Every structure is written in C-alpha cells, then in structure tokens.
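Scroll down for the structure; my scribbles are underneath it.
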Amino acid sequence: MPVRFYNTLSQSLEEFKPLREKHAGMYTCGPTVYDFAHIGNFRAFVFEDLLRRFLECCGYHVQHVMNLTDVDDKTIAGALREKKTLAEYTAQYAQAFNDDLKTLNCLTPTSQPCATEKIQLMLDLIKTLLEKGFAYESKGSVYYRVSKFQGYGKLSKKNLEMNRTGASERVEADEYESKQEATDFVLWKGVKAGEAQIGAAWDSPWGQGRPGWHIECSAMSMQELGERFDLHAGGEDLIFPHHENEIAQSEGATGKSPFVKYWLHCKFLLVDGEKMSKSKGNFYTLRDLLAKDCDPMALRYALLAVHYRSALNFTLEGVKEAGEIIRKFDECYWLCLNRKVLPLHTPELAHLPAGIAPLLEKNKAEILEGLSDDLNVSLALSRLVLAVKEINTRLAENRLGPDSLQAALEFFKWVDALLGLNICGTQEIPGAILALMDKRSEVRKQVAADKSNKALWTESDKLRDEIQAQGWIVKDARPGEPSTLKMKRRKWD
Ligand code: AMP
Ligand code: ZN
C-alpha cells in the first residue's frame, strides 16, 4: 500500500520513498526550553508522534531525532532574570518537557541532542560555509549571505524581496547593524554582557559567542541522519525562516540537494481564531489542564483527531468530548478483558457465529489505508469507532467466544501502538474486588428472599461501600440478578 504525504517543498502529495528501504530518518524541531511548552506546541509534537508511530506500524525502522534548543535569547534572559547558569535554568524545562511528552504518551525520540552539547559541530559547519563563500564575519558575529544561495525560498515560496520586509520574529534589532543585507541571518552571535558568566558563551575563531538558532538544526540533524535524509517536520511557523534557512545552510555546505526529501508541517492550534502562543497569552500548558482534571489521553485524542493540515480550534469542551470517546474505547477494552469474570445478563449463544478476527483485520487495513493518505486521521478514527461498535454489539449479545475476545484485545493493543491512546492501560478487576463482589452477591440473594431483614441490607451496603472506596463502581441489576462492576476511572496521574 503506497504511503503519501503532503510535501511542503513540492506543495503536493508525494509517495513516500525513503532513501533506504524500510528505514526512515526523521528530524523534528524540539522546543526552546525557556518555559513550560504549551499545548499548541504539543499539537506539533503529537502530530510528529503519530507520523512516527504510523511509519513504525507500516514496518519502517524510524530513527527519530529531536533537538532541544537550550541556548537563545529567551533562555539567556530567563537565566539572567533568575540568577542561574544557563544549564541550571534550561535543565528544569527540559525535564518538564520530557515529562509532558511521556504524559501525552509520545514515544521517546531515538536521540535528543541539546544545542549546547554540539557547539563544535556548529563551529565546523560555519567554517565550511565561510570557506565556500556562503558566510561572512562582521564585528565578532558570522552571517549567512542569503543572496549567494540560488535555491533560497524554495520551501517557503518567498523570494528575496519578500524576505527583506518579512525577516524573522526572532531577529534582534542590533543584528541589523552588522549585516550586509537585511535578508542575511546570523550563524554565530558575538558575546554580550553577562552571557559568559552564566555559561552562555563559547570560544570560536571569531571570539566568544554562541550559535544562531538555525545552524543548530542543520548541524545536529546532519550529524545523526546524514547530509540527506527523509523527513523533517514541525509547526507551520517553522517553514520560514527556520526551515528555509536550514536548507540554505545544509545544501550550501554539502552541495547536496535535497537536504530533506519530505517536509511536513502542521497547522496551528488556535484559540478563538488566533494562534495559541506565549506572546499572546492565550495558552494552556499541559499542567494547567491536568490541574483542571483533564485526562491527558483525552487531550491527545483532541489534538490527533483533526487532520494535521487543518487548523484546530482549541476548546475545553472539545477535550471533554474527546474524553467521552476514548472512555468508550477504554470501556470496550475493559469489558473484553474482564469478560470471563463479569456476570452475564444475556444467555450465551449455543452456537457462536463466525469469529470477529477477520472483521477486525479488515478494520486494521482500512485504518492504515486512511493514514497512508497523508495521515487521514478522520477516516482512520471512523473505522476505529465502527470496530468498537461491532465489538460492543457482539459483547452485549454474547456472541464473542474466547478466540474473538482475544482478537479484540489484540486489536486494541495494535490501536495503542498506532495511536498511543493507552486504551490497554485499563486493568483487570483485582481478585480481592471480585471476592467482595461474590460475597455481596450472596448477601443480595438472601435480601431477595427476606426483604424485611435490615441487617442484610446494611451488610450489602457495607460491602458496596468497601468496593467503591477502592475506586470501582458497583452497578446493581434487579433484585436477585447478579450485580456488575463499572470500570474504574482511568488513573493517569
Ligand atoms: P518552539 O518552542 O517555539 O520552537 O515551538 C516548538 C514547536 O511547536 C514547533 O514545531 C512550533 O512550530 C510548534 N508550535 C508553536 N505554536 C504552535 C501552535 N499554536 N500550534 C501548533 N504548533 C505550534
Ligand atoms: Zn529546528
């Protein structure tokens, strides 16, 4: 089954043909660790995680490199403000970011290089660019000469004239003073007051200083994935200037093109039609939402459920609705897992119809088919919902034999590997709870026979409270019929 992605470079859907068969080298721009990441950032990281999981499900070995930007204007400003070294200041946010990635069930990158640990790589790359005439030194800083690179603008479709006015959000005013052209961008920044004291300056042939943001990603991606690699992803704001500049740096230095075969960018997470961002103040961190008792898997589902190339308007209501959907998946899995110990209210069919396995295999194929089409997640999720409906119907009618139950459990395991929703995180009913349920069943039988016996009622209530105190919800049927349990709420924190 061919896999197609929308490549920002060609602005069209292209069949994914990696450089090495069944191997995918993927670089995703990581966060700047100056603060907690907001959930807009996590839209990008969850999209990238889906991309990786999907390729792995298709049998690719994915080498996933994600950098951490631990030196830039914001990290330096934070360290100076808190009177910490740069390393101390960024370590706390790097740790928080990785904790958040785990909470959202994103796979750990194969490698996560930090910019400050790879300074020599960047110096070497800058030296090559100087030798080849793509860079020049000015007042202790080094700049990239954009006009020298023929292909500049091929990713963002901006021409040099447009760039002269556009420039970058992240360009500081004082950079303009020493640049030859407004379009040039910094590769190495000469040191400023206070930076050396907090460990934010390194020696270089041009004096003390620190790398620019763009050179980081060129240097670190090429070191791990080679001068040319398969996939590079990020949010749409990275297309220009960051990724455009990465191409100029890498292709300028190596003379090899294309630096990256497929560029994938996700659209923004919006709040009331505006990009969620720190500067607008319209953001939630993951921690803000956890404090509101939000299930991180509901957030993950909400972030995943809209195609990555469509803007996603964030609402708390949307996350709540997502929570209801995945609760249904959880419950279905849980019922299959605990089928053998839960009382039946419908007689088991004497002859079980055909097993569910072939149908679930068909669903799996359709889910993959959807995702193969530029990660068409709506199609994939609709097939998942259909499968869950079918399993539920058969469960209710007692039409699932042991093989079918096993097939359903395996189906959910497969879905978890693909979508990372941790559906299989729900648990079997512990033996101690089952024993209490049995005991209570006996008492309820006696209650049915002797309704006026208050002591029996009290005993039954006491047992129910004991079970519920341990987090399980008891659902009583009509008197005399066996009670059942409802799934414990997913414990995620
Ligand atoms: P930063 O830490 O600013 O470099 O951003 C980390 C990642 O989050 C990048 O891939 C950005 O493109 C992405 N990003 C930032 N804001 C949003 C947003 N509102 N929606 C989606 N992605 C975003
Ligand atoms: Zn980057």
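The values are calculated or read from the model by the stated rules, or taken from the named source; none is laboratory data. All values reported here derive from a predicted model rather than from experimental measurement. All Cβ positions, glycine included, derive from the backbone under ideal geometry; neighbour counts span all protein chains shown. Accessible surface is based on the protein model in full, side chains and every heavy atom, while ligands, DNA and RNA are left aside. Shrake-Rupley method; radii C 1.70, N 1.55, O 1.52, S 1.80 Å.
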Problem set entry | Some residue of segment 286-297 being open to solvent by 60 Å² or more (accessible area, probe 1.4 Å), outside any loop (DSSP other than H, G, I, E, B) and more than 21 Å from Thr32 (Cβ to Cβ) | yes
Seminar exercise, completed: Subset of segment 80-126, residues in contact with a Pro (Cβ under 7 Å, 6 or more places away or on another chain) and open to solvent by 20 Å² or more (accessible area, probe 1.4 Å), comes to Thr103
Problem set entry | Among the residues listed as Glu331, Glu324, the single one being surrounded by fewer than 15 Cβ atoms within 10 Å (Cβ to Cβ) and not aliphatic (A, V, I, L, M) | Glu324
Problem set entry | Criterion (touching a Gly at 6+ places or on another chain (Cβ under 7 Å) and without any contact (Cβ under 8 Å) to a residue 40 or more places away in the chain) met by exactly one of Arg383, Arg394 | Arg383
Problem set entry | Tally of residues being modelled with pLDDT of 90 or more and among the polar types (S, T, N, Q) across segment 166-192 | 2
For this session: Go through segment 240-268 residue by residue and tally those that are of a type in the set (A, V, I, L, M, F, W, C), more than 9 Å from ligand 1 (Cβ to nearest atom) and within 25 Å of Leu55 (Cβ to Cβ).
Result: 5
For this session: Could you tell me which of the residues Ser452, Ser378 is open to solvent by 10 Å² or more (accessible area, probe 1.4 Å), in contact (Cβ under 8 Å) with a residue 60 or more places away in the chain and of a type in the set (Ser, Thr, Tyr)?
Result: Ser378
Exercise. Condition test on Ala193, is it within 16 Å of ligand 2 (Cβ to nearest atom), in the same structural domain as Arg53 (by TED's automatic domain parsing), more than 16 Å from Met122 (Cβ to Cβ) and not in a helix (DSSP H, G or I)?
Worked result: no
Exercise. Checking Gln150 against (1) in a helix (DSSP H, G or I); (2) open to solvent by 30 Å² or more (accessible area, probe 1.4 Å); (3) over 26 Å from Ala44 (Cβ atoms), which test does it fail?
Worked result: (1)
